[in-house]
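Notes to accompany the following structure.
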Amino acid sequence: MALALLVTTLAVLSASHSLAAAAPNALSARQDTANCTSASFTIPSWYINEFKSSETNASFTVQNRASGSSTSLICNPATSSAGTAWLCGSTDPSLQVSIQIKDAKAGVEIHQSWSCSDRSPGHPLAFQASGKSTIPLSCTGEACKSSNPIDLVKGSLSAPLELNPSYASGPLGHDKTGCGAISTKPKWTVGTVIYVNETGDGQNAVATHSIQFQVLNQANGNVAGCLNYFDVPENEDPAVVMNCAGGTDFTRRDRYSIRTQTVFYPRSWTLTINETWFCDDVDAARPASYTGAAKTKLPLKCTSSNGRTACQLDTFDIDGSLDEKTDLVPYSIEDPLPTPDGCTISSVVNPSWTLSNVEITKPPASSAGSGSGSVAFNMKLNTQANLFDFPVFVNNRDVVFGSAADADAWYPCSFGTGEQPLAPRNCSLRYVARTNTLAVDAEWACTDLDGDNPIVFSGVATTTLPELQCVRTAAGLERCSSKEGVSWTAEVADVKWRTVHTPVLV
């Protein structure tokens, strides 16, 4: 469903913000970590280290994954209206933590404010986030500790904007029951093998070989398709290497990707499999990557006819061996892949448009009267990871020029035929011929960090157009346009935003 239709037809609950209103009252020390800003938008969350509790207190360390700051806490019993909660004392006034212990579980609630100065040291960007999680405990008497080596508390942002970032789905089958156990003695299922040898006639048909099959990893259920066309020199048994495709996250958000490589030897019919995959089915705090291999000779059955030999083998299993197991960073399987700034971050940190292909049609300058004309141009949101690869064609064909023109008049934007863009999704434009100035009051939507709850931005970009080249049309109008290939940046001022919460359909 197009986002414009979604926002206008569904009941929404929106919270509006601007950068000036986003700063929390209390901030922890500014963080200059290289990726503080991007991490704050994509993984606002905390690690809980060394959680221990007794009858009288609990202690642990909270590490902010975005800013890198760590704080040691001691929690003591306190009575609250919500029941028995343990309040945790902190030397950092921007961090509030409480816990509740019951039935060998500890519920943790965190609220924190911090700022990042990695993008603009003179103008740190303020963040606020909160999150809850449950820590499983292992207890001996009244003394308990976390069952995990480290615990994760995922958070949601409330400033500078309201955002519940989407995590990656992770590589296929990483949490499938038995993934880790089967991986210790890996096994693959090879799907129908088809090997074709076209001998050719040296004139109208060229000799060629091809092989295709599928490889299913029984640990995670990942299926990779393998296909290759190749030559086989006489008296040689070349290694036909195939990097097989399958289980790919085409949004490229997954941090880890399954890699499947097979090698086929056409003379000996030997097949080898080498694959790297990932599991955290037992405990997300203990993810691991596995690399294994297998080797077999294919008992192909062949038939030949008219210079063509076709060989086939039905599905069969092949046992392999585990070459390497590598422990990964806790909970990292579902962390999104670090990427350059996308729509949301760019719109907060450095909102701007790229403009190009301006064309203005108006009554000739020599005309003493006035009349209507048109203003048209291309615009594209500036982001480093651009989901909007093509510029949007914007125009209005009823712009008034001459003595009747109003320098303060705004005209609604029309888009190219069939376009329903997100950036911009609607806008109005103002062109002042006397100063050759164009202003665009635009609204655009970003779904890159939270696809279920779009963030709608708005602001005005004002720019002086580059030198225009003008010609007289057959109808006596003056048509002025920018040079082909010329583009420029128009910064957006006074950006505001709101998060659109779409209702859950049941």
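The values are calculated or read from the model by the stated rules, or taken from the named source; none is laboratory data. Not measured: the values here are computed from a predicted model. As a convention, Cβ positions derive from the backbone with ideal geometry for all residues, glycine included, and neighbour counts pool all protein chains shown. Note: accessible area is taken over every heavy atom of the protein model, side chains too, but ligands, DNA and RNA are not part of it. Shrake-Rupley method; radii C 1.70, N 1.55, O 1.52, S 1.80 Å.
Odds and ends about this structure:
- Cα centroid separation - the stretch 325-339 against the stretch 134-186, whole Å: 11 Å
- Per residue, the chain exposes 50 Å² of solvent-accessible protein surface, assessed with a 1.4 angstrom probe and all protein chains in place.
- Percent of C-alpha pairs per 5 Å bin, the stretch 280-421, short to long: 2, 7, 9, 8, 8, 7, 7, 6, 6, 7, 7, 7, 5, 4, 4, 3, 2, 1
- Residue 263 sits with roughly 20 Å² accessible to a 1.4 Å probe, with DNA, RNA and ligands left out of the calculation.
- Sites residue 420 and residue 397, calculated FRET efficiency, Cβ-Cβ separation with R0 25 Å, nearest 0.05: 0.80
- Straight-distance candidates among the lysines for linking to residue 185, with alpha-carbon spacing under 28 Å and chain neighbours fewer than 8 residues away dropped: 176, 295, 297, 325.
- Just the protein heavy atoms count here, and of the accessible area of the chain at 1.4 Å, carbon and sulfur take up 49 percent.
- Cross-link reach is defined here as a Cα-Cα straight distance under 30 Å, omitting same-chain residues fewer than 8 places apart; for residue 362 the lysines meeting it are 380, 483.
- Lysines with Cα under 24 Å of residue 52, excluding same-chain neighbours fewer than 8 positions away: 102, 105, 132, 145, 154
- Per residue, the Cα convex hull of the stretch 233-347 amounts to 183 Å³.
- Over the residues of the chain, the helix contribution to mean residue ellipticity at 222 nm works out to -1000 deg cm²/dmol, using -39500 (n - 2.57) for each DSSP H run of at least 4.
- Heavy-atom accessible area, probed at 1.4 angstrom with all protein chains present, ranks 114, 86, 410 as 410, 86, 114, highest first.
- Residue 305 versus residue 359: modelled label distance in nm, points set 7 Å from Cα along the beta carbon direction: 5.9 nm
- Extension gain from residue 319 to residue 91, taking 0.36 nm per residue of separation minus the Cα-Cα distance: 76.5 nm
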